[in-house]
């Protein structure tokens, strides 16, 4: 089955007791953004992914001076939202907010219709894999071919947002600490996570279809 890619990273990390919140990339040209943006969340309102995303969206909208509409498209472990974003225009106005399952799903669902960006958290002594740390993390992804300038603009907005005392406090209440990382670093993290979880899924024999 043909897959479409979601392959742009923001490079913002939110380290929690059980993971890392990574934001996917969107930045812009001189005029970006000139209208509202759409943050597509792969889970229902009120859940962990939604709460984490809305905190970031509220502050990013102030930095970007544009509203960010949170669009919940829940179902299929976040894959409904991911597929929707993968088909969106790569202009930075539509991007995905999802949990770490985004990089695990490709190993569990071989017939999924889009390619997730590589990414995999670590867990120790599981299935004889050293230094393997199980963690839940959250991130933002943009459609493939989103301009690098747009990615950088959104990354800067996210970075500024996560430095705000109010945001830091809100995440602290969730047991999380915001950590900024550039897009390249987040991309590498995704690749590592994808590889590790791929091994775990293969060893477990888990397949959903």
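The values are calculated or read from the model by the stated rules, or taken from the named source; none is laboratory data. Bear in mind the structure is a predicted one, so any value in this text is a computation, not a measurement. Quick reminder, even Gly has a Cβ in these numbers, built from the backbone with ideal geometry, and neighbours come from all protein chains shown.
Among the residues here, residue 52 does not qualify as within 21 Å of residue 161 (Cβ to Cβ), touching a strand residue (DSSP E or B) at 6+ places or on another chain (Cβ under 8 Å), surrounded by fewer than 20 Cβ atoms within 10 Å (Cβ to Cβ) and touching a residue at least 12 places away in the same chain (Cβ under 8 Å).
Restricted to region 150-165, and to residues there that are surrounded by fewer than 21 Cβ atoms within 10 Å (Cβ to Cβ) and modelled with pLDDT of 85 or more, the residue that is farthest from residue 85 (Cα to Cα) is 165. Looking at region 58-75, can you tell me whether even one residue there is closer than 23 Å to residue 187 by Cβ, in contact with a strand residue (DSSP E or B) (Cβ under 9 Å, 6 or more places away or on another chain), at pLDDT 95 or above and part of a strand (DSSP E or B)? Yes, the conditions are met somewhere in region 58-75. Of all residues in region 166-186, exactly one satisfies the criterion of being out of contact with any helix residue (DSSP H, G or I) (no Cβ under 7 Å at 6 or more places or on another chain), crowded, with 17+ Cβ neighbours inside 10 Å and either modelled with pLDDT of 80 or more or in a strand (DSSP E or B) (or both), namely 176.
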